[in-house]
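Here is the structure we will look at.
The values are calculated or read from the model by the stated rules, or taken from the named source; none is laboratory data. It should be emphasised that the depicted structure is a prediction, and the values quoted were computed from it without experimental measurement. For neighbour counting, all protein chains shown are included, and Cβ atoms are generated from backbone atoms with ideal geometry for every residue, glycine included.
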Amino acid sequence: RARAEGVGGWTCFESEMGRVADYRHWVESELTDAIDRGDFVLYYQPQLSLEGERIVGYEALIRWQHPQRGIIPPNEFIPVAEESGMILQIGKWALHQGCHDARLLPDDTYVAINLSPVQFSDRNLTDTVRQALEESGLPAHRLELEITETAMTMDRIEARKVMAALADMGVQIAIDDFGTGYSNLSYLMDFTFHKLKIDRSFVCRLQDDDTTGAVISTIVGLSRALGAETLAEGVETADQATLLRAAGCDSVQGFHYARPAPLSTFVSANDADARLLPRAVGATYH
Ligand code: C2E
Ligand code: MG
Ligand code: MG
Ligand code: MG
């Protein structure tokens, strides 16, 4: 065992580890009641076409509204839920809720739901998706599922089948955080998908050098060659948007346009208004 800071350093390190472990335990035990208590809520973040800057869809991002602790972000509980297997129940809830919510949004928009690798390797996934569509009456093409490269490469043969089955149902498939996993380009060609979501880490670097723009253009070209679209994640400035447009990206998502917000923020009596960014949200976050 390495000891960097002497005895005091260790004590500090160990008590920190203790706190982390305690928090994990707390999360795990609280999660069991969270679904029944109705703690979970889906926030939505708009996705816009770069041409015309109109809302084309919304990504559902889960939040845990704990009765005492307030809002807990997904990064703090999804990993715990994945380890305990509870993600299957939570993921099923998110699929059903997302499909229901989509019915309140304009007909020509979609809702994108994130799938954990654990859900992706669950044998019942296609049935769960079919049920959510049937129960909500949402046309399949209005549902997009976000899958990470890591999930796809765990069991390639099975992943190919599952993605093909979902695509056959008419569901759209997006590869999330593209560029951060270790996609082997030769097997990317074997998967059925409709969109590559270029990870925020590329967008962050856009203004620093010309290389990043060239890399993004290349991803756009690759994606087109495979018959898919591209969306850039984490767009925070107008300059980034300009560079992404130059690189040929189809769509964007990020704080520059809107932060994730409750469904009601985006529901409007008038579909034409609903496709524009709500002024209140835009004004607060630009
Ligand atoms: P993700 O799917 O890559 O989602 C994008 C994350 O980036 C979201 O964080 C979003 O709020 C944040 N983001 C969006 N625009 C910007 C920006 O301009 N700048 C910055 N700095 N961040 C931006 P969030 O909501 O905390 O979600 C984190 C991750 O948790 C998601 O990453 C996704 O992997 C996971 N997650 C969220 N909801 C679900 C869910 O329902 N099921 C599963 N399995 N995972 C989920
Ligand atoms: Mg996502
Ligand atoms: Mg993402
Ligand atoms: Mg990301």
Could you please give the count of residues in region 149-186 that are more than 17 Å from residue 114 (Cα to Cα) and touching a Leu at 6+ places or on another chain (Cβ under 6 Å)? 0
Options 216, 147, 157: the member that is under 20 Å from residue 91 (Cα atoms) and out of contact with any Pro (no Cβ under 6 Å at 6 or more places or on another chain): 147
Filter region 77-96 for residues that are more than 9 Å from ligand 1 (Cβ to nearest atom) and more than 21 Å from residue 171 (Cα to Cα); the one that is surrounded by the most Cβ atoms within 10 Å (Cβ to Cβ) is 77
Can you tell me which residue in region 174-210 is farthest from the chain's Cα centre (by Cα), limited to those that are surrounded by 14 or more Cβ atoms within 10 Å (Cβ to Cβ), within 16 Å of ligand 3 (Cβ to nearest atom) and among the polar types (S, T, N, Q)? 183
Can you pull out the helices (runs of 4 or more DSSP H) entirely within region 45-160 that have at least 1 residues that are within 14 Å of the chain's Cα centre (by Cα)? 74-84, 87-102, 117-120, 149-154
Residue that is within 16 Å of ligand 2 (Cβ to nearest atom) and in contact (Cβ under 8 Å) with a residue 24 or more places away in the chain, where the choices are 137, 181: 181
Is it true that residue 273 is outside any loop (DSSP other than H, G, I, E, B) and modelled with pLDDT of 95 or more? no
When the residues of region 211-222 are narrowed to those that are in contact (Cβ under 8 Å) with a residue 12 or more places away in the chain and closer than 14 Å to residue 199 by Cα, which ends up surrounded by the fewest Cβ atoms within 10 Å (Cβ to Cβ)? 217
Take region 253-274 and flag every residue that is over 15 Å from the mean Cα position of the chain (by Cα) and surrounded by fewer than 16 Cβ atoms within 10 Å (Cβ to Cβ). 262, 264, 267, 269, 270, 271, 272, 273
Considering only region 183-210, state which residues are over 13 Å from residue 159 (Cβ atoms), more than 16 Å from ligand 4 (Cβ to nearest atom) and not hydrophobic (A, V, I, L, M, F, W, C). 186, 194, 207, 208, 209, 210
Would you mind telling me which numbered condition in (1) away from ligand 2 (no atom under 15 Å from the Cβ); (2) more than 17 Å from residue 55 (Cα to Cα) residue 198 fails? (1)
So which residues in region 78-94 are touching a strand residue (DSSP E or B) at 6+ places or on another chain (Cβ under 8 Å) and either without any contact (Cβ under 8 Å) to a residue 40 or more places away in the chain or more than 16 Å from ligand 2 (Cβ to nearest atom) (or both)? 78, 93
